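Structure first, then comments.
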Amino acid sequence: MIRGRNVRGIRGPGFLLAAAGLLAIPIAVSVEPTADARSHLSAPTGTHTPGAPGPGDILRLSALAPSAAPTPVAPPEPEFETGLADAAVAAAQAVVSGGTELAVAVLDRATEETALGALAAEPLYTASLSKLLVAVDLVERRRTEGLVLDPAVLDQLRRMLSASDDSAMSALWSRFDGAGAPGRVSARLGLQDTSAASDASQWGEVRVSARDYLRIYDYILGEMPAPDRTLLLDALAATTPTARDGFDQDFGLLAPAIAGRMRATAKQGWMCCFSGEYYLHSAGLLGPDERFVVALLSVQPRARGWGGARNELTSVASALAAPLG
């Protein structure tokens, strides 16, 4: 910047470039206007004095001026196919064998569509599905009440989810008031059909519906703090092919026919024998980004045997997954 000097006499192309912001420093300084400059300044309007910039020069120079940056345009929201949850539930119910009671529910988290089968609101014995409910209760109480979960407790929590370890579940149930977990979790999450076991020592007799299980997973994915969510989902993702009691866990949503072609994470449940019936369940997540939450709860005749019962639920799960793939 030139301080205390008048540079009115400078009207060459270099001045125009500097004025347009293309030069960072002044390129000419004159204390007094020259004779030529005075003659340029005094020239009549509409005339072109030789040596002075003409209209064409002004246009060419103005074209060099920097233009405003374009306004960023947000990418369009991805579009997701709708109706998949309904199609999945219909496909599952279409292949159920006689003698099987099936409670099925599907949530599409991308479109926020929920589809409920005919028995989706029916409370059924959870068997080992209650282990996830207890895990949710423990991490919530740690966060809100300061409940201490030491490394040994966290190891038990992981084992009861991945290997479905009954001894780990029983230890946590006894130590941390597992009998009260259904009531606490129902109140926090707004569950509609979940209730405590009539015998407080029997965690497998907690009752839960398929639609309530959708809500439990949806809470874990969308509302639970990230460290707690990671703890539970990592444990479920580490589900072992064979449970701690020797039961084959590769059925339902975790059957090779499904897990081999789409991402699948689930908690499995099995229990025998009330009124000559098996309780066999598979509830979890399917698809990229855990798009679909699926609950498959079944009551099957004991005469079918565990192998037949697993095949039945796997057939149902495969039919359900087909529209989602």
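The values are calculated or read from the model by the stated rules, or taken from the named source; none is laboratory data. The structure displayed is predicted, hence computed values, not measured ones. Quick reminder, even Gly has a Cβ in these numbers, built from the backbone with ideal geometry, and neighbours come from all protein chains shown. Heads up: the accessible areas ignore ligands, DNA and RNA and are worked out on the full protein's heavy atoms, side chains in. Shrake-Rupley method; radii C 1.70, N 1.55, O 1.52, S 1.80 Å.
Observations on the model:
- Taking Thr82, Thr71, Thr314 and ordering them by how much accessible surface each has at a 1.4 Å probe, largest first, produces Thr71, Thr82, Thr314.
- Between the beta carbons of Thr71 and Met262, assuming R0 = 51 Å, the FRET efficiency works out to 0.80 to the nearest 0.05.
- Net charge of the neighbourhood of Phe274, taken over other residues with C-beta under 14 Å away and scored Lys/Arg +1, Asp/Glu -1, is -2.
- Top positive-direction residue, dipole computed over the stretch 118-258 with Cβ charges, set Phe176, Pro225, Thr239: Pro225
- Computed on protein heavy atoms with a 1.4 Å probe, the accessible areas place Ser201, Ser209 in the order Ser201, Ser209, largest first.
- The stretch 157-251 - convex hull of the alpha-carbon atoms, volume per residue in Å³: 109
- Surrounding net charge for Val134, when Lys and Arg each add one and Asp and Glu each subtract one, Cβ distance under 14 Å: +2
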